[in-house]
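To start, the structure under review is shown below, and the notes come after it.
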Amino acid sequence: PLVSITDMLNKALEGKYAVGQYNINNLEWTQAILGAAEEEKSPVILGVSEGAARHMGGFNTVVKMVEGLIQDMNITVPVAIHLDHGSSFEKCKAAIDAGFTSVMIDGSHHPIEENIEMTKQVVNYAHSKGASVEAEVGTVGGQEDDVVGGIMYAKLEECVAIVQETGVDALAPALGSVHGPYLGEPNLGFKEMEEVRDAVKIPLVLHGGTGIPKHDIDKAISLGTSKINVNTENQIAFAKVVREVLAAKPDAYDPRTFIAPGREAIKQTVIGKIREFGSNNKA
Ligand code: G3H
Ligand code: ZN
């Protein structure tokens with residue numbers, strides 16, 4: 001069943017665990033993630049970046065594919081289709097109109113007044129359609145698709161303003177996390193996370209979930225983080241296995257023979273994350 005992230009995350013905040021957002025790139029990615037969530041009895045958020053949506057054909061293709069898999073795989077756990085790092089009101093609206101149940105409006109590259117304005121517009125539209133909205137303040141480091149940036153910490157007063165003025169459902173305050181692998185240990189702003197949690201009282205989102213050690217995951221969850229985004233780790237797991245299979249069988253050409261093992265690697269990676277985040281048996 002397709003749902004927004006609102007209920008999922010409020011329950012996670014209350015129950016002191018986090019729901020993973022796992023980004024999808026294609027059919028096999030989606031099968032792997034849905035399969036892992038169903039096996040673990042976990043709610044799940046399928047993250048779709050604008051670039052990944054383009055790669056798959058468009059927002060409508062993504063929704064129809066996910067709906068088809070939910071039916072054919074007999075998926076019973078709550079599933080959200082969430083636009084990741086939506087760049088504009090128009091993109092968010094198009095995703096919702098195609099059937100996405102949730103969107104992130106990433107206005108973090110704009111001055112805060114504009115970010116609030118964009119977010120407000122998206123929240124009004126999304127809520128009228130039963131969809132949820134995540135906003136971002138500050139800047140996550142590293143690169144994802146078209147989005148590049150250095151780390152910039154979210155300011156507490158900006159977090160409070162955006163939540164109060166827009167009625168957004170979840171907030172991603174950038175506090176030192178990075179997209180892609182970390183160079184050394186991540187250095188997350190836990191003191192700031194606690195302050196933001198206490199001030200905004202809505203579920204917090206941690207971007208750049210790849211490579212964050214378990215003790216930091218636990219700490220983030222204890223300080224109000226209810227959604228953790230993971231993308232690169234699945235890509236690395238997939239690519240590693242596909243490379244190994246192709247190296248071992250240089251004459252292979254049936255794509256299923258090397259994609260299926262890659263799909264299994266993603267599934268096992270997601271199962272590991274679900275258990276780390278504590279969302280197993282929470283569906
Ligand atoms: O929005 C998606 C993420 O924040 C994923 O970050 O690729 O470092 O796991 P990651
Ligand atoms: Zn992100």
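Rule-based calculations on the coordinates, nothing more; no lab input. What you see is a predicted model, and the numbers here were worked out from it, not measured in a lab. All Cβ positions, glycine included, derive from the backbone under ideal geometry; neighbour counts span all protein chains shown.
Counting alpha carbon pairs within less than 8 Å and at least 6 residues apart, what relative contact order, in whole percent, applies to the stretch 134-283? Here the relative contact order equals 18 percent. Considering Cα pairs under 8 angstrom that are at least six residues apart, work out the relative contact order of the stretch 1-137 and quote it in whole percent. This gives 24 percent for the stretch 1-137. Need one number for the chain: average projected area of the convex hull over its C-alpha atoms, nm². That works out to 13.7 nm², a quarter of the Cα hull's surface. Across the alpha-carbon atoms of the stretch 235-283, the computed radius of gyration and Dmax are 13.7, 44 angstrom. Its Cα gyration tensor gives the stretch 73-145 an equivalent ellipsoid. The semi-axes, each the square root of 5 times an eigenvalue, are 23, 15, 9 Å from largest down.
In summary, the aspartates and glutamates within cross-link reach of residue 201, defined as a Cα separation below 19 angstrom excluding same-chain residues under 8 places away, comprise 7, 14, 134, 136, 157, 158, 165, 169, 192, 218. Positive contributions from Lys and Arg (+1) and negative ones from Asp and Glu (-1), summed over other residues with Cβ under 13 Å from the Cβ of residue 264, come out at +1. In the chain, the DSSP-assigned H stretches of four residues or longer account for a calculated mean residue ellipticity at 222 nm of -16000 deg cm²/dmol, using -39500 (n - 2.57) per stretch and the full residue count as denominator. Listed by chain and number, the lysines whose alpha-carbon sits under 22 Å from that of residue 267, ignoring those within fewer than 8 places in the same chain, are 41, 64, 214, 227, 240, 282. Let me know the whole percent of all Cα-Cα pairs from the stretch 92-242 that are separated by more than 26 Å. Result: 24 percent of Cα pairs exceed 26 Å.
Of the residues 219, 191, 267, the one with the fewest other Cβ atoms within 10 Å heads the list, and the complete ranking is 191, 219, 267.
In terms of overall dimensions, the stretch 36-162 has a Cα radius of gyration and Dmax of 15.4, 47 angstrom. Each Cα pair under 8 Å and six or more residues apart adds its sequence gap; the mean of these over the residue count of the chain is a relative contact order of 23 percent.
For the chain, the longest principal axis of the C-alpha atoms and the axis of helix 156-166 are separated by about 90°. The Rg/Rh ratio of the stretch 162-211, with Rg taken over Cα atoms and Rh as the Kirkwood radius over Cα pairs, comes to 1.02.
When the alpha carbon coordinates of the stretch 159-283 are projected onto the principal axes, the ranges are 59, 34, 25 Å, largest first. By the scheme Lys and Arg +1, Asp and Glu -1, what is the net charge of all other residues having a beta-carbon under 13 Å from that of residue 65? That sum, taken over residues with Cβ under 13 Å, equals -2. In the calculated pair-distance distribution of the stretch 1-71, the portion above 21 angstrom amounts to 26 percent of the Cα-Cα pairs. Any idea how far the Cα center of the stretch 176-231 sits from the one of the stretch 68-112, in Å? The stretch 176-231 and the stretch 68-112 have Cα centres spaced 21 Å from each other.
May I ask for the longest run of the chain untouched by chymotrypsin sites (Phe, Trp or Tyr not before Pro) that are loop-located per DSSP and have at most 14 neighbouring C-beta atoms (other than their own) within 10 Å? That would be 1-152.
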